[in-house]
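The values are calculated or read from the model by the stated rules, or taken from the named source; none is laboratory data. These numbers come from a predicted model, not from an experiment. We place every Cβ from the backbone using ideal geometry, glycine too, and count neighbours over all the protein chains shown.
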Amino acid sequence: MADHSDAIDPRTDITDLFVFQSPGDSDRSVFVLNVFPEASEPFASFDPEATYELKIDTDGDFEADLSFHVRFDATSMEEPAATVFRSTGRMARGTGPGGDVVIRRAPMSVGGEVLITTRDGFRFFAGLRSDPWFADVDGFRNGFDFTGHDTFAHRNVLGIVLEVPSVTLGGVAPVGVWARTMAPIHGRATQIDQMGRPLVNAVFNATDADRWEFNRTPPDQQVALFLSRFAATLQSFGHREGDAIELAAGLLPDVLGFDPSSSAGYPNGRRLTDDIADLRVSTITMGRVTADRVGPHADLLDEFPYLGPPHSISG
């Protein structure tokens, strides 16, 4: 629900984006990009034709000045491997392989194993992990009547975790961060899904058509196209027009602000334990409801790759 199930192909369906200062080294930053909601199939995999992208804006214009792009090759479908590219300038706004290779042919972790690839200060992991998102989805759908049932307590995702020296992010603070997935449609690279802030697309776009439109709209165009829709949603929950517009403007564009020198959580990046569901429900209901009675998962790791081991799957 954070951003789950708003793309047709689960392999390119972003579930969550997290960005935070490394717990073990304040000079390093961690990016976690999860895809494939309910990755319970024994053969859940990344799409070898897709590009999984982290976009970073360093000058406040909501266009990428730096990018990390992850591609999975599948010369052997049983042993997919990832290559991570770092690009800057105009190339950062594009897609696919380009720029410098920072990680080459990193093996994907399967089952519960943790295969970590390290090169020149960069660390990378990709594989099946426990879904870190926590929320009572039924409560959200039932008029905020929360029972404390964690919808995601036993679900898995495919996780991509990249830890980098913070100096490689451009040396400015804060930066803007969002993720997107690109895949070919009718032979043309097409934006499939994107995410910055959690619980934005799921809460403020009511229909599949609205969510797909939002997914395909670049951040620098989102305020013009979606501010009135977001404000109307807030007004429907009782917010005054001026307050609704101000709150909506704080959620758009869908880009996470992140200061690598700070260990604070959301809205400074987003840690795996930040309780976004409580924050959103409190904002939407103007404090009438303040919590969904669900807390962070206990299986998170204290060290890289931070995501918990996957839950058992049938096969």
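Figures for the structure shown
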read-out	value
Of all residues in segment 292-315 being of a type in the set (Gly, Ala, Ser) and within 22 Å of the chain's Cα centre (by Cα), the one that is nearest to Phe125 (Cα to Cα)	Gly308
Selection status of Ile103, touching a Lys or Arg at 6+ places or on another chain (Cβ under 9 Å) and closer than 30 Å to Pro218 by Cβ	yes
Flag if Gly170 is surrounded by fewer than 17 Cβ atoms within 10 Å (Cβ to Cβ) and closer than 22 Å to Thr58 by Cβ	yes
Some residue of segment 145-168 being part of a loop (DSSP other than H, G, I, E, B), closer than 25 Å to Ala92 by Cα and not charged (D, E, K, R)	no
Filter pass, Asp254 being part of a loop (DSSP other than H, G, I, E, B) and out of contact with any Leu (no Cβ under 7 Å at 6 or more places or on another chain)	yes
Check on Phe146, closer than 30 Å to Pro23 by Cβ, more than 22 Å from the chain's Cα centre (by Cα) and either crowded, with 21+ Cβ neighbours inside 10 Å or aromatic (Phe, Trp, Tyr) (or both)	yes
Selection count, segment 211-248, where residues are loosely packed, with under 14 Cβ neighbours inside 10 Å and among the β-branched types (Val, Ile, Thr)	0
Selected residue [surrounded by fewer than 20 Cβ atoms within 10 Å (Cβ to Cβ) and modelled with pLDDT of 95 or more] from Thr58, Thr51	Thr58
Search result, residues across segment 249-272 that are within 22 Å of Ile284 (Cβ to Cβ), crowded, with 19+ Cβ neighbours inside 10 Å and either touching a Ser or Thr at 6+ places or on another chain (Cβ under 7 Å) or without any contact (Cβ under 8 Å) to a residue 60 or more places away in the chain (or both)	Leu251, Leu252, Asn268
Selection within segment 113-124 - more than 22 Å from the chain's Cα centre (by Cα) and either surrounded by 19 or more Cβ atoms within 10 Å (Cβ to Cβ) or not in a strand (DSSP E or B) (or both)	Glu113, Asp120, Gly121
Some residue of segment 50-59 being touching a His at 6+ places or on another chain (Cβ under 6 Å), more than 20 Å from Pro310 (Cα to Cα) and in contact (Cβ under 8 Å) with a residue 24 or more places away in the chain	yes
When residues of segment 64-89 are limited to those that are modelled with pLDDT of 95 or more and charged (D, E, K, R), the one surrounded by the fewest Cβ atoms within 10 Å (Cβ to Cβ)	Arg71
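Listed here are the residues, each with its yes/no results for (1) crowded, with 22+ Cβ neighbours inside 10 Å; (2) hydroxyl-bearing (Ser, Thr, Tyr); (3) touching a residue at least 40 places away in the same chain (Cβ under 8 Å); (4) closer than 25 Å to Leu234 by Cα.
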residue: Thr151; (1), (2), (3), (4): no, yes, yes, yes
residue: His154; (1), (2), (3), (4): no, no, yes, no
residue: Val164; (1), (2), (3), (4): yes, no, yes, no
residue: His186; (1), (2), (3), (4): no, no, no, no
residue: Ile192; (1), (2), (3), (4): yes, no, yes, no
residue: Arg197; (1), (2), (3), (4): yes, no, yes, yes
residue: Ala206; (1), (2), (3), (4): no, no, no, yes
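Yes or no, residue by residue, for (1) within 24 Å of Asp274 (Cβ to Cβ); (2) within 17 Å of the chain's Cα centre (by Cα); (3) not acidic (Asp, Glu):
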| position | (1), (2), (3) |
| --- | --- |
| Leu162 | yes, yes, yes |
| Leu169 | yes, no, yes |
| Gly187 | no, no, yes |
| Asn201 | yes, yes, yes |
| Arg211 | yes, yes, yes |
| Pro218 | no, yes, yes |
| Ala248 | yes, no, yes |
| Val255 | yes, yes, yes |
| Phe258 | yes, yes, yes |
